[in-house]
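Structure, as structure tokens:
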Amino acid sequence: MTVTIYDVAREAKVSMATVSRVLNGTAVVKEDTKRRVLDAIAKLGYRPNAVARGLASKKTRTIGVIVPDVSTAFVAEVVRGIEDIATMYDYQIILANSDAQIQREVDLIGTMWEKQVDGLVYMTDRLVKEHVDGFEQAQIPVVLCATEDPERRIPSVNIDNRRAGRDAARFLLDRGCQQIAYVTVPAGRSVLADRRGAGVASCVPEGRLLRIECPDGRYETALPAIQQVLHENPVDGIVAATDELGLASIHAVQDLGRRVPDDVKVIAFDNTRLATMVRPEMSVVAQPMYDFGAVSMRLLTKLLQDEPVETYTVTLTHNIVERQST
């Protein structure tokens with residue numbers, strides 16, 4: 001694995017800015033601190049990027065974009081919004097996949113800093129202390145895109161996920177559903193899925209809600225998990241945390257010889273292409289995917305150009321699109 005400036009900073013217990021000052025000789029650094037940095041460089045075998053070092057005091061007109069998986073329809077649409085606004089304001093983006101692995105995400109923050117990006121648009125399933133520490137050490141503007149910071153320390157763009165979960169559950173209750181299942185990933189894996197689940201639970205009467213946890217949120221592993229619960233419980237309504245889980249839910253119902261929406265109604269989150277490719281077409285809580293990216297990038301340009309910012313926590317609107325699955 002490539003050693004980054006973040007790894008050196010962590011090993012020496014200093015900021016990335018301090019490592020940079022030692023490497024570039026741009027400021028006086030205490031001798032013991034300098035020694036710790038040099039020892040960390042030697043221990044880890046770090047090789048600084050000469051081009052990046054030469055740009056240390058200049059703007060590069062580049063923006064780092066870190067996403068869990070650009071191959072997903074949701075992320076691809078978000079990135080399109082980021083790129084369009086970046087181009088409009090004469091920025092280039094450097095895109096990186098984190099595979100939703102916390103350590104890789106932290107390493108990528110250091111890598112982006114090393115490449116001297118002017119700012120960072122960041123997507124993750126869950127924000128942890130290691131991420132925040134990385135942002136603080138990088139000392140560059142960061143905007144969270146379709147990602148929640150519970151403590152609102154970092155500028156962000158999202159929807160009200162708890163309210164959206166509540167809206168989805170009420171949508172099924174209003175259509176006569178008596179026993180509702182929330183299909184999601186394991187608790188703690190995704191803060192967005194957890195908030196949606198809290199919204200669902202807030203309006204479904206006690207004893208009428210089941211939670212179906214799928215190991216990694218993917219269709220292949222979700223399908224048998226959903227089938228097992230549906231086989232054992234008389235579910236007549238499903239809220240799925242993503243379109244992919246919604247697709248697995250519809251197929252699980254059909255594989256058990258039941259009908260959607262006559263026997264089980266299904267609504268999911270996102271409104272990617274999957275929602276209209278499945279039969280029956282899937283009702284969704286539609287998220288403004290392109291706007292997530294576009295608004296995040298515009299907020300970042302304001303931070304970079306010292307423009308007035310009305311709010312650092314932007315909440316976009318969601319809406320329910322009813323199709324044949326309900």
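Step by step: first the residues of segment 96-123, then only those that are open to solvent by 10 Å² or more (accessible area, probe 1.4 Å) and polar (S, T, N, Q), then the one that is farthest from the chain's Cα centre (by Cα). Which residue is that?
Q116
Which one of A241, A252 is within 25 Å of the chain's Cα centre (by Cα) and within 14 Å of V183 (Cα to Cα)?
A241
Between R211, R196, R189, which is out of contact with any helix residue (DSSP H, G or I) (no Cβ under 6 Å at 6 or more places or on another chain) and either of a type in the set (D, E) or over 24 Å from D262 (Cα atoms) (or both)? Before you say what the answer is, go through the steps one by one.
Working: R211 fails: either of a type in the set (D, E) or over 24 Å from D262 (Cα atoms) (or both); R196 fails: out of contact with any helix residue (DSSP H, G or I) (no Cβ under 6 Å at 6 or more places or on another chain).
On inspection, the qualifying residue turns out to be R189.
Looking at segment 46-66, is at least one residue part of a helix (DSSP H, G or I), open to solvent by 40 Å² or more (accessible area, probe 1.4 Å), modelled with pLDDT under 90 and of a type in the set (D, E, K, R)?
yes
Got a sec? Which strands (runs of 3 or more DSSP E) wholly within segment 250-326 have at least 1 residues that are more than 28 Å from A86 (Cβ to Cβ), open to solvent by 30 Å² or more (accessible area, probe 1.4 Å) and hydrophobic (A, V, I, L, M, F, W, C)?
Hits in segment 250-326: 319-321.
Looking at (1) in contact with a Gly (Cβ under 6 Å, 6 or more places away or on another chain); (2) over 20 Å from G293 (Cα atoms), which is the one condition that is false for I140?
(2)
Tell me which of these Y91 doesn't satisfy, since it passes every other one: (1) open to solvent by 40 Å² or more (accessible area, probe 1.4 Å); (2) modelled with pLDDT of 90 or more; (3) farther than 30 Å from M277 by Cα.
(1)
Does segment 172-191 hold any residues that are in contact with a Gly (Cβ under 9 Å, 6 or more places away or on another chain) and within 11 Å of C203 (Cβ to Cβ), and which are they?
L172, L173, I180
Check every one of the strands (runs of 3 or more DSSP E) wholly within segment 137-230 and list those with 2 or more residues that are buried (at least 23 other Cβ atoms within 10 Å of the Cβ) and either over 20 Å from the mean Cα position of the chain (by Cα) or among the basic types (K, R) (or both).
Hits in segment 137-230: 180-184.
Could you count how many residues in segment 82-109 are charged (D, E, K, R), touching an Asp or Glu at 6+ places or on another chain (Cβ under 9 Å) and closer than 11 Å to P68 by Cβ?
2
The values are calculated or read from the model by the stated rules, or taken from the named source; none is laboratory data. Being a predicted model, the structure only gives us computed values, none of them experimental. FYI the Cβ positions are ideal-geometry reconstructions off the backbone, even for glycines, and counts take in every protein chain you see. The accessibility values were calculated without ligands, DNA or RNA, using every heavy atom of the protein model including side chains. Shrake-Rupley method; radii C 1.70, N 1.55, O 1.52, S 1.80 Å.
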